[in-house]
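The values are calculated or read from the model by the stated rules, or taken from the named source; none is laboratory data. Small disclaimer: the values here were computed from a predicted structure and weren't measured. Here the Cβ positions follow ideal geometry from the backbone for every residue, glycine too, while neighbour counts run over all protein chains shown. The protein model used for the area step is the full one, side chains on, heavy atoms only, and it has no ligands, DNA or RNA in it. Shrake-Rupley method; radii C 1.70, N 1.55, O 1.52, S 1.80 Å.
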Amino acid sequence: MTTPASPLHSDDAAASYPVSGPDGSPAMQIVGHRFTDPAGFDAWAGLVRQLSAHPNIATIFQAGSGSDGRPSMVVDAGGSTLSERLCHTGPLAVGEGVTNASLLALALDTLHQNGLRHGAVSPSTVLFNGFGHPQLAGLDGQAPGMAPPSAVSRFNPLDPVPGPASDVYALAATSYLALGGQLPFAVDPHNPALRNQSILDLPGVPQQVTGLLRAALNPDPNGRPSAAQLHAELATIELPHVPTAAPALPAEAVGIAIRPVTTGVVEINRAGGTPRPVSGAPAPFPTSGAPAPYPTSGAPMYPTSGGPAAFPVTGPPAPQYAPQFAPQQPWAPQPVPQKKSSVGIVLGVSALALAVVVTVVIVAVNAGKKDDPTPDPVIAVDEGIKQVDLDNADVSLLQEPGTLSNGESGLYSLSGEPVYADVDGDNDLDAAAVIENAGDSAEDLDAWEFVQVWLYEPSSKRAEPLYFEATWQWTCSELPTLSLDVDAALPNHFEVTRADANWCDDGFHSSEQIHVEVKDGEVVQYDDGHYSAVVNCRDDVNSTGLETKDVYGLSDPLFHPDSSSKVVAQDSEFTKMVVYYAKDTSTDINNGYAYGVISFTDGTLGCGWVPWDVVV
């Protein structure tokens, strides 16, 4: 796209230009008017670029100082803002509005844990990506050398010293408006008396929700919950998923005089407030023409050595904000009745709200980080699945799906404790557990066990079972039982200990460990540098009395025995795929698929599935 010669918006500190992102999608380039300390800005930029990996923080494509020392950022602007939605379609459904608030609180907690604050949370800085997920945009409002003068609005508080608690207030005000509420101080945000008025309960919105928002809107920052607490408490509330019939909101009730994060929110912001004057400010960068659009190929516009810089690069770290709330909160969470479902799994009562949030370390990508004593940034991860009742979970298999009831069903029973890891990389923990199928009797030779993986869905507060088991084996005295753990070296995987061969006889079997994760919605094994199917196939290499067939080039190996499954490897990535089978094997089993051993070009082995009709 062609970059306009004049900015879309300009304030005292920076100008905003609509440009193209790396894939050609809409983006916004924010360029500072003045020279700044490159090391200071680049340190901040390196941190926020890493934190933008959070699914509820808008992606920062590029951030760094230009050759003349002026700061610049290129940020994703491909979605629509909450302001646009409120003005076009009206308030959000209760379930969506509260879920959005919980997820955005988690994003704020990530910023706060890293010594940052947002400073401008409002409907105009909440962006919905292509999947409809809410994201915080507008982080440039606190960037060194780019921060505009602070101003009071209907969304931020009158705190004498803005801090993390100010962000919590702004999120609560934004969320209340999104649910159809009217802020009592919106008509005069400067009036302390109006700020002391409590918000009202809303039709169809649980009182626990408005109670939490009311606490977060406390004029005293010490009386507000933290972002982590707000997320945790909202995540435990049972929510109705019904549409809201309220009319669309006028732009003047939604907009705010702030830098636009998309082109679609410009007019709404103008209607909501008077833009700050730019008198006396230097000309926007560059002084002639327009800034070059973010390159779709080639070198980055503002390169940094080795990728995103670890924070800090040089100089002192950014200030770590002291907690702005007292340890004893003047509000207490209200108990929530537990709900169970035979179709899915619903969250029960949280005994400790803060248990829902855990932190993980982002590994720095620059080579010099090894000896850098500076702590890596931390990202808050939604641990809500630990409140899910897995004793009443669905299990979803290729054959005989079922539902547990108090840990058992006619076919299955839960064995041992579940383990948790973010195996699909969406910033919330998922669960896995060993399930036993005991057969019809203790002597039944069809007894077997398998690993079931459930993915957590924050919007519905359910754990959804994946379609295919994460490995299985027969249950007999010759085989070691399945067990689960999380390997500290691979924290985003489940470590499964299973028998090295899946047959029952008088021979001795040892154990082996495999690592399981979720890739493109499918359970896969990751070992030896390759992804492959989780079936235990490599034991067949040493089998005797079996027929063999190399099916290389006849069919792509799949992760699961299903035509919709993804391909394990292309022909150029392996040299052969051998299927071992008995002559009397039924071709109807496993959905009409057979598994085989893949020989990768580097000499390692993996597993995959092919249709039986290419084997026999």
In the range 25-57, what count of residues is obtained for those that are outside any strand (DSSP E or B) and within 23 Å of the chain's Cα centre (by Cα)? 14
The residue that is nearest to Ala173 (Cα to Cα), considering only those in the range 58-71 that are at pLDDT 90 or above and either of a type in the set (Ser, Thr, Tyr) or in a loop (DSSP other than H, G, I, E, B) (or both), is Ala58
Of all strands (runs of 3 or more DSSP E) completely enclosed by the range 514-616, which ones contain at least 2 residues that are without any contact (Cβ under 8 Å) to a residue 40 or more places away in the chain and either more than 28 Å from Glu464 (Cβ to Cβ) or open to solvent by 60 Å² or more (accessible area, probe 1.4 Å) (or both)? 547-550, 574-581, 593-600
Go through the range 83-92 and report how many residues are open to solvent by 10 Å² or more (accessible area, probe 1.4 Å) and either under 26 Å from Phe35 (Cβ atoms) or outside any loop (DSSP other than H, G, I, E, B) (or both). 4
Restricting the range 175-212 to residues that are open to solvent by less than 30 Å² (accessible area, probe 1.4 Å) and small (Gly, Ala, Ser), the residue that is farthest from Leu127 (Cα to Cα): Gly211
Within the range 67-93, considering residues that are more than 23 Å from Thr263 (Cβ to Cβ) and small (Gly, Ala, Ser), the one nearest to the chain's Cα centre (by Cα): Ala93
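Looking at Ser175, is it outside the structural domain of Glu457 (by the TED database), among the small types (Gly, Ala, Ser) and not in a helix (DSSP H, G or I)?
So Ser175 fails the test.
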Counted residues in the range 260-292 being in contact with a His (Cβ under 6 Å, 6 or more places away or on another chain) and at pLDDT below 90 come to 2
Name the residue that is most open to solvent (accessible area, probe 1.4 Å), counting only residues in the range 4-28 that are of a type outside the set (Gly, Ala, Ser) and under 14 Å from Ser72 (Cα atoms). Pro7
So if I check each of Asp140, Asp159, which one is touching a residue at least 60 places away in the same chain (Cβ under 8 Å) and either part of a loop (DSSP other than H, G, I, E, B) or in contact with a helix residue (DSSP H, G or I) (Cβ under 8 Å, 6 or more places away or on another chain) (or both)? Asp159
For the structure I just gave you, tell me whether Thr89 is modelled with pLDDT under 95 and more than 22 Å from Arg154 (Cα to Cα). no
